[in-house]
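The values are calculated or read from the model by the stated rules, or taken from the named source; none is laboratory data. Computed from a prediction, not measured in an experiment: that's the story for all the values here. Here the Cβ positions follow ideal geometry from the backbone for every residue, glycine too, while neighbour counts run over all protein chains shown.
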């Protein structure tokens, strides 16, 4: 009874005085030396209102690619979300992290095991010749069998919060892995959209170049006919031929880029590149989404990489508590019960039962600096995660600034390039009329045709770049804005 009372008093003391050593987690400020900007600015007079981010990556970000209204893009995104192998691997890592969290939580409960004694459940032993055995004199050796069926019970009293800190760290790491999975999903979706819009732009360029080659061939035939009529010289024919072959040489380059982009899309969608195809028949209907002049303050909080960095910071903080708990006594309760006999026939008889129970106190007196080194390493690891968190947040602000600037400046460039294309087409029309009238050589026509083709391809590239810039803005924000800004 005294033993039971002693154990009960220890358990009660643990419940009343138990605490978790080490610092309680508090999110540090985003910057040590300077305040974080309260508003985004893309370089224009209209700033985008903002506030300091509070990570919330678990907020659903939805099918943000729907802002482009492209059915083929929706199909590709669905394929990638289902079949992309990087996402499959990320999901497996998430499941592994969930299982490790469950394993850590198991330390809160007593551990019960059967069998597995140090000498085995069935052993044959020989005593020392110089040791008395069961009332017999020494100088006699005895050989006997031991049959044991034990149950072991062990439980650590979490007096200093070591197990609680381990659980905190495991839960934070599981959350970080979950955020990593969301980061992988966002990255794959953005890469699919980027490659799709690049493929669209290349497809448009290929069509432009193909049509231009047809026009150049007609120009060459016209020039050859005029040469046979003695109207122009061989120089005009050579210039027309040079222009045609130069355009023909550019076509394989675009087709190679298009094939490589298509293959990359196939891999992102988890498909074999051999028979993979993308339909761009409706791509001309895709418009660059309009970015609202004012965005809600909580959009950046959707970024999963910020949330993951913050959770790893919390896990590192919990590790400090685990390392600090090693300086304090560890109290464990051990229990042993079962049946033991030297005769198999009486192995499970009631008189063969045995049991023992009691606390075990471990106090670190001298570890050669091991515990201090572990604590210092845990604190340094925490400082590293703080720096990584701050850098991730600052990087996110920079990425949004870049994306907003790209939105505005690419739109200005696209407008100017369309005006230049209109002027180039007018120049070509004048040059062709003057050439037919015999007022200029074919060089003027060739120069004007080259200018038109260059501006047409630039416009197609800028359209793809503007769509890609919108994707980069979504990626920088961590989500789309269509559902949030309504």
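Name the residues in the stretch 238-264 that are over 15 Å from residue 449 (Cβ atoms) and in contact with a helix residue (DSSP H, G or I) (Cβ under 7 Å, 6 or more places away or on another chain), would you?
Across the stretch 238-264, the qualifying residues are 251, 254, 255, 257, 258, 261, 262, 264.
Kindly indicate the residue of the stretch 41-95 that is buried (at least 18 other Cβ atoms within 10 Å of the Cβ) and assigned to a loop (DSSP other than H, G, I, E, B) and also modelled with the lowest pLDDT among those meeting that condition.
Among them, the one singled out is 50.
What is the one condition in (1) in contact (Cβ under 8 Å) with a residue 40 or more places away in the chain; (2) in a helix (DSSP H, G or I) that residue 372 does not satisfy?
Unmet condition: (1).
Being in a helix (DSSP H, G or I), touching a residue at least 24 places away in the same chain (Cβ under 8 Å) and in contact with a strand residue (DSSP E or B) (Cβ under 7 Å, 6 or more places away or on another chain) narrows it down to one residue among 401, 417, 384; which is it?
Details: 417 fails: in contact with a strand residue (DSSP E or B) (Cβ under 7 Å, 6 or more places away or on another chain); 384 fails: in contact with a strand residue (DSSP E or B) (Cβ under 7 Å, 6 or more places away or on another chain).
The match here is 401.
So, in the stretch 207-236, exactly how many residues are free of Cβ contacts under 8 Å to residues at least 40 places away in the same chain, over 30 Å from residue 461 (Cα atoms) and assigned to a helix (DSSP H, G or I)?
Total meeting the criteria: 8.
If you check residue 310 against the conditions, is it farther than 30 Å from residue 206 by Cα, within 27 Å of the chain's Cα centre (by Cα), crowded, with 19+ Cβ neighbours inside 10 Å and at pLDDT below 85?
Working: farther than 30 Å from residue 206 by Cα: yes; within 27 Å of the chain's Cα centre (by Cα): yes; crowded, with 19+ Cβ neighbours inside 10 Å: yes; at pLDDT below 85: no.
Considered against the rule, which asks whether it is farther than 30 Å from residue 206 by Cα, within 27 Å of the chain's Cα centre (by Cα), crowded, with 19+ Cβ neighbours inside 10 Å and at pLDDT below 85, residue 310 comes out as no.
Would you be able to tell me the number of residues in the stretch 429-464 that are assigned to a helix (DSSP H, G or I), free of Cβ contacts under 8 Å to residues at least 60 places away in the same chain and farther than 18 Å from residue 210 by Cβ?
Residues that pass the stated criteria total 13.
What is the one condition in (1) under 25 Å from residue 286 (Cα atoms); (2) in contact (Cβ under 8 Å) with a residue 40 or more places away in the chain; (3) in contact with a helix residue (DSSP H, G or I) (Cβ under 8 Å, 6 or more places away or on another chain) that residue 425 does not satisfy?
Residue 425 satisfies all of (1) under 25 Å from residue 286 (Cα atoms); (2) in contact (Cβ under 8 Å) with a residue 40 or more places away in the chain; (3) in contact with a helix residue (DSSP H, G or I) (Cβ under 8 Å, 6 or more places away or on another chain) except (2).
Quick grid of which residues meet (1) buried (at least 17 other Cβ atoms within 10 Å of the Cβ); (2) over 27 Å from the mean Cα position of the chain (by Cα); (3) modelled with pLDDT under 95:
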| residue | (1), (2), (3) |
| --- | --- |
| 242 | no, yes, yes |
| 248 | no, yes, yes |
| 273 | no, no, yes |
| 278 | yes, no, yes |
| 281 | no, yes, yes |
| 296 | no, no, yes |
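Which pairs turn up if I take residues in the stretch 325-343 that are part of a loop (DSSP other than H, G, I, E, B) and look for partners that are at pLDDT below 80 with beta carbon separation below 7 Å, at least 6 apart in sequence or on another chain?
328/21; 342/144; 342/145; 342/146
Looking at the stretch 158-168, can you tell me whether even one residue there is surrounded by fewer than 22 Cβ atoms within 10 Å (Cβ to Cβ), touching a strand residue (DSSP E or B) at 6+ places or on another chain (Cβ under 7 Å) and outside any helix (DSSP H, G or I)?
Filtering the stretch 158-168 for residues surrounded by fewer than 22 Cβ atoms within 10 Å (Cβ to Cβ) gives 158-159, 161, 163-164, 166-167.
Retained after the next criterion (residues that are touching a strand residue (DSSP E or B) at 6+ places or on another chain (Cβ under 7 Å)): 159, 163.
Adding the requirement that they be outside any helix (DSSP H, G or I) leaves 159.
Yes, some residue in the stretch 158-168 is surrounded by fewer than 22 Cβ atoms within 10 Å (Cβ to Cβ), touching a strand residue (DSSP E or B) at 6+ places or on another chain (Cβ under 7 Å) and outside any helix (DSSP H, G or I).
Between 338, 369, 395, which is under 34 Å from the mean Cα position of the chain (by Cα) and modelled with pLDDT under 90? Step through it out loud before you land on a result.
Values: 338 fails: under 34 Å from the mean Cα position of the chain (by Cα); 369 fails: under 34 Å from the mean Cα position of the chain (by Cα).
Among 338, 369, 395, only 395 is under 34 Å from the mean Cα position of the chain (by Cα) and modelled with pLDDT under 90.
Looking at the stretch 185-194, can you tell me whether even one residue there is farther than 30 Å from residue 253 by Cα and at pLDDT 90 or above? Steps first, please.
First, the residues of the stretch 185-194 that are farther than 30 Å from residue 253 by Cα: 185-186.
Subset that is at pLDDT 90 or above: 185-186.
Within the stretch 185-194 (the criterion being farther than 30 Å from residue 253 by Cα and at pLDDT 90 or above), the answer is yes, since at least one residue qualifies.
Out of (1) touching a helix residue (DSSP H, G or I) at 6+ places or on another chain (Cβ under 9 Å); (2) part of a strand (DSSP E or B), what's the single condition that is false for residue 154?
Against the list (1) touching a helix residue (DSSP H, G or I) at 6+ places or on another chain (Cβ under 9 Å); (2) part of a strand (DSSP E or B), residue 154 comes up short only on (1).
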